[in-house]
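One structure is given below, encoded as structure tokens.
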Amino acid sequence: MMRSKYLALAMPLLLTACFDSSDSNIEIADPTPPAEATQVPNVALTEIKTPAQTLYQPGQPISLEFSIESTLLDTQHIGVTFMAIPKEKVAQLETEDQPEGFNLGTHYIEQLQSGVQNLSATLMFPNEQMPSGEFLIAAYVDSAKIVPNEAELSDNRSRGHDSNDLTTYAAVTVDAAHFHDFVLDRAVVGDGFAMFPDIGQRETTSEGQPNQKRSDIIGHLDASKFGNTANVAEVTAEIIVDEQSYTAHFWQEGKDHYAEKMHISFSQFEQSHYFPYDIAINGVLLHKIQQAFDPNSSDNTLQIRFTLHDTSEFEEANTNNNTLTIDVPYSLYQDTTPSDELLAKHNLPSLSDNNAANRASRSAAPTQDLSLTLSQQTDEQFVLLDLFGNTYGDKSKVAVVPSFLSLIILKATDGGYAWASTGGGFDLYMFDDSVDLFSAGASGIADGANGTLSYAMGVSFLGNSLIADSDSVTALDESYTHDWSEEQKLFSATFTIAIVPVSVSAGVKGEVGVGTELKYEEQRFSIGGDVLTASLDAYATAGIDLLIASGGIGIDFLIISETLSATAYTDISKAISDSEISYGIDISNHMKAIEGELYLWVKYPGYEFCCSFPTKTATKTLYDTGALYNKTWQMLDYSDSFKF
């Protein structure tokens, strides 16, 4: 009625204004535009979708699709915290300081986009005693309160349950029965290829576990486990050649032999674990690999099938993710005489080059992963070349590539000619970057025609030459030693843990040494000693790139413990009288690589769905492993004479 009354009073005034003859031009004034609303940065949770699978057990992973909407925050990074709470207690999320829910984890959003973002989070039901029943999964956006002066905080959370609006919740059911699952995430072979000896280089009839200690294939597995009651498992491997499967054998740490199964142990929950392996093959499998090899093809490939076996008393939830099959290119070292290309690849002169001692110090170490022994004997020449190199570890984390070389060349020249060389070196990888860490090598050429020895000795550290000595002499008795012991920061990388960026500076600390004796008297040249020794640990510091957080690095990690002992001699004193040159070489190696724990940790504020922001701790483990590569083996042991 009031509205009608006011309208009646206003109508005469309007009519008078419209039909006033004294004002024929009617002007309609535009209303004054309102002041523009000032936008304030804001982020809101708009939806959580209930997953297709709705039944879960403690320790089981879960993937959730959810949506957020943000304004003026297109460069901001935030975290989203998720919690599962019994349906009948969901009100506690708003009324209690410590609601009776279970933390599922935090999803990190590296960069927000303006408007609506549809996202997916991979979370985990905790390894805790959870009651069976119906649960709601709630979320809180910007759980560490990184966004300053946000326009509205009430839309950050899951909400509306009191009016039965579950748009921002996911409804699931929890079964408190036992759950566990092992998953093979990744399998890696060295740098992606394998090399095997050609026909005649090794026996091809033995079955069962190999007797040698020298590995044929080295690499690592990444595997995860879910659930907390089953923590140990076994791994087997099959090598598939021409669609036939053959058993591979793993080195057994501390037992000094190869066997069919590798035992592994998971120390942590949720994260992918690193497991190094060392595989050798028996004679029958080597024969099959040799027969399948096509020297005219550039695509010789075998397969390795890794299988993880649950050994617990419980039934594993899913066994379909326990097997990985990978393709591995391979080749055979085919020639009994080293080619000039192979020698040049490792900074060795061709066999026809008799005046090359000045280059011998550069032959300290192979430049690629390689493992082979080449020998050749004719009426005019004897050659023995042994190369060994492999990658130990994961180059995206920490890996070391030790490489060793030994060479003897004997020639039927006037007065006799003998060349002996030995050396070793390390390349170190961290966070997919590398440095030439250390190398040492010695070489000598005894020439009976003029009664002299041309020798060279070289040692380098981090690309800097520490020892570089060469000369031509008629007699020699020299000892070379060098020791390095300090910390060196060499690498840097950034990791994100939960929602916190962590900057890591890393390198090595420890000791590296060389001790070699060179002697030449009465036309007998010898090299001897510990050509290369090392005990190197990873060294790292961590800085936090987020002011609200703190953290650091935990490290008790051996990169490598190594001793390469070598003795070699050549004797040309009977070259003229008896047409005979004597030689001997004895090389042994003890290596222990990649052992210990290397992890990052952070403390940061985390929202608990009400009033408090307690400090949460999250870790990222790069390594937690025993040293599978822990072997002592005789690499070479020859003693004979070359008659011409």
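The values are calculated or read from the model by the stated rules, or taken from the named source; none is laboratory data. As the structure is a prediction and not an experimental result, all values here were calculated from the model. No Cβ is skipped: glycine too gets one built from the backbone with ideal geometry, and neighbour counts run over all protein chains shown. The protein model used for the area step is the full one, side chains on, heavy atoms only, and it has no ligands, DNA or RNA in it. Shrake-Rupley method; radii C 1.70, N 1.55, O 1.52, S 1.80 Å.
Which one of these is over 26 Å from the mean Cα position of the chain (by Cα) and at positive phi: 105, 160, 190, 101?
On the way: 105 fails: over 26 Å from the mean Cα position of the chain (by Cα); 190 fails: over 26 Å from the mean Cα position of the chain (by Cα); 101 fails: at positive phi.
Selected residue: 160, the only one of 105, 160, 190, 101 that is over 26 Å from the mean Cα position of the chain (by Cα) and at positive phi.
Given the condition of a type outside the set (A, V, I, L, M, F, W, C) and not in a loop (DSSP other than H, G, I, E, B), answer yes or no: does some residue in the stretch 177-185 qualify?
Step one: of the stretch 177-185, the residues of a type outside the set (A, V, I, L, M, F, W, C) are 178, 180-181, 185.
Right, trim to not in a loop (DSSP other than H, G, I, E, B) and you get 181, 185.
Looking for residues that are of a type outside the set (A, V, I, L, M, F, W, C) and not in a loop (DSSP other than H, G, I, E, B), one finds at least one in the stretch 177-185, hence yes.
Out of the residues in the stretch 596-624 that are over 29 Å from residue 158 (Cα atoms) and touching an Asp or Glu at 6+ places or on another chain (Cβ under 9 Å), which is modelled with the lowest pLDDT?
624
With the structure loaded, tell me whether residue 224 is among the small types (Gly, Ala, Ser), in contact with a strand residue (DSSP E or B) (Cβ under 6 Å, 6 or more places away or on another chain) and surrounded by fewer than 21 Cβ atoms within 10 Å (Cβ to Cβ) or whether it fails that test. Give the steps one after another, and end with the answer.
Details: among the small types (Gly, Ala, Ser): yes; in contact with a strand residue (DSSP E or B) (Cβ under 6 Å, 6 or more places away or on another chain): yes; surrounded by fewer than 21 Cβ atoms within 10 Å (Cβ to Cβ): yes.
Yes, satisfied.
Any idea how many residues of the stretch 470-487 are part of a strand (DSSP E or B), of a type outside the set (Gly, Ala, Ser) and open to solvent by 50 Å² or more (accessible area, probe 1.4 Å)? Full working, then the answer.
So the first thing to find is which residues in the stretch 470-487 are part of a strand (DSSP E or B), and the list is 470-473, 476-487.
If we keep only those that are of a type outside the set (Gly, Ala, Ser) as well, we get 471, 473, 476-478, 480-484, 486-487.
Going one step further and asking which of them are open to solvent by 50 Å² or more (accessible area, probe 1.4 Å), we end up with 471, 477-478, 481-483, 486-487.
Qualifying residue count for the region: 8.
Within the stretch 212-229, can one find any residue that is more than 31 Å from the chain's Cα centre (by Cα) and either at pLDDT 95 or above or not in a loop (DSSP other than H, G, I, E, B) (or both)? Lay out the reasoning, then the answer.
Taking the stretch 212-229 as the starting set, the residues that turn out to be more than 31 Å from the chain's Cα centre (by Cα) are none.
Scanning the stretch 212-229, I find no residue that is more than 31 Å from the chain's Cα centre (by Cα) and either at pLDDT 95 or above or not in a loop (DSSP other than H, G, I, E, B) (or both), so the answer is no.
Would you point out which residue out of 304, 239, 264 is farther than 23 Å from residue 623 by Cα, open to solvent by less than 60 Å² (accessible area, probe 1.4 Å), under 20 Å from the mean Cα position of the chain (by Cα) and touching a residue at least 24 places away in the same chain (Cβ under 8 Å)?
Details: 239 fails: under 20 Å from the mean Cα position of the chain (by Cα); 264 fails: farther than 23 Å from residue 623 by Cα.
So the residue among 304, 239, 264 that is farther than 23 Å from residue 623 by Cα, open to solvent by less than 60 Å² (accessible area, probe 1.4 Å), under 20 Å from the mean Cα position of the chain (by Cα) and touching a residue at least 24 places away in the same chain (Cβ under 8 Å) is 304.
How many residues does the stretch 253-283 contain that are of a type in the set (A, V, I, L, M, F, W, C) and closer than 19 Å to residue 195 by Cβ?
If we filter the stretch 253-283 for residues that are of a type in the set (A, V, I, L, M, F, W, C), which is where we start, we get 259, 262, 264, 266, 269, 275, 279-281.
After this cut, where a residue has to be closer than 19 Å to residue 195 by Cβ as well, the list is 279-281.
Number of matching residues: 3.
Given the residues 507, 515, which is the only one that is part of a strand (DSSP E or B), at pLDDT 90 or above, within 30 Å of residue 554 (Cα to Cα) and open to solvent by less than 70 Å² (accessible area, probe 1.4 Å)?
Details: 515 fails: within 30 Å of residue 554 (Cα to Cα).
Matching residue, one of 507, 515: 507.
Identify, please: which residue in the stretch 539-584 is outside any strand (DSSP E or B) and more than 30 Å from residue 502 (Cβ to Cβ) and is, among those, most open to solvent (accessible area, probe 1.4 Å)?
It comes out as 576.
Which condition number does residue 587 fail, the rest of (1) surrounded by 17 or more Cβ atoms within 10 Å (Cβ to Cβ); (2) closer than 21 Å to residue 398 by Cβ; (3) touching a residue at least 40 places away in the same chain (Cβ under 8 Å) being met?
For residue 587, the failing item is (2).
Among the residues of the stretch 87-101, which ones are out of contact with any Phe, Trp or Tyr (no Cβ under 6 Å at 6 or more places or on another chain) and open to solvent by less than 30 Å² (accessible area, probe 1.4 Å)?
Of everything in the stretch 87-101, those that are out of contact with any Phe, Trp or Tyr (no Cβ under 6 Å at 6 or more places or on another chain) and open to solvent by less than 30 Å² (accessible area, probe 1.4 Å) turn out to be 90, 101.
Give 63, 70 a once-over and let me know the one that is assigned to a strand (DSSP E or B) and under 34 Å from the mean Cα position of the chain (by Cα).
Details: 70 fails: under 34 Å from the mean Cα position of the chain (by Cα).
Result: 63 is the single residue among 63, 70 that is assigned to a strand (DSSP E or B) and under 34 Å from the mean Cα position of the chain (by Cα).
If I filter the stretch 201-217 for residues that are open to solvent by 70 Å² or more (accessible area, probe 1.4 Å) and under 19 Å from residue 307 (Cα atoms), do I get at least one hit?
yes
Pairs, please: C-beta under 9 Å, at least 6 apart or cross-chain, first residue within 21 Å of residue 518 (Cα to Cα) and in the stretch 475-488, second open to solvent by less than 70 Å² (accessible area, probe 1.4 Å) and of a type in the set (S, T, N, Q)?
As it stands, the answer is 478/516; 479/516; 480/516; 481/516; 483/533, since those pairs meet every condition given.
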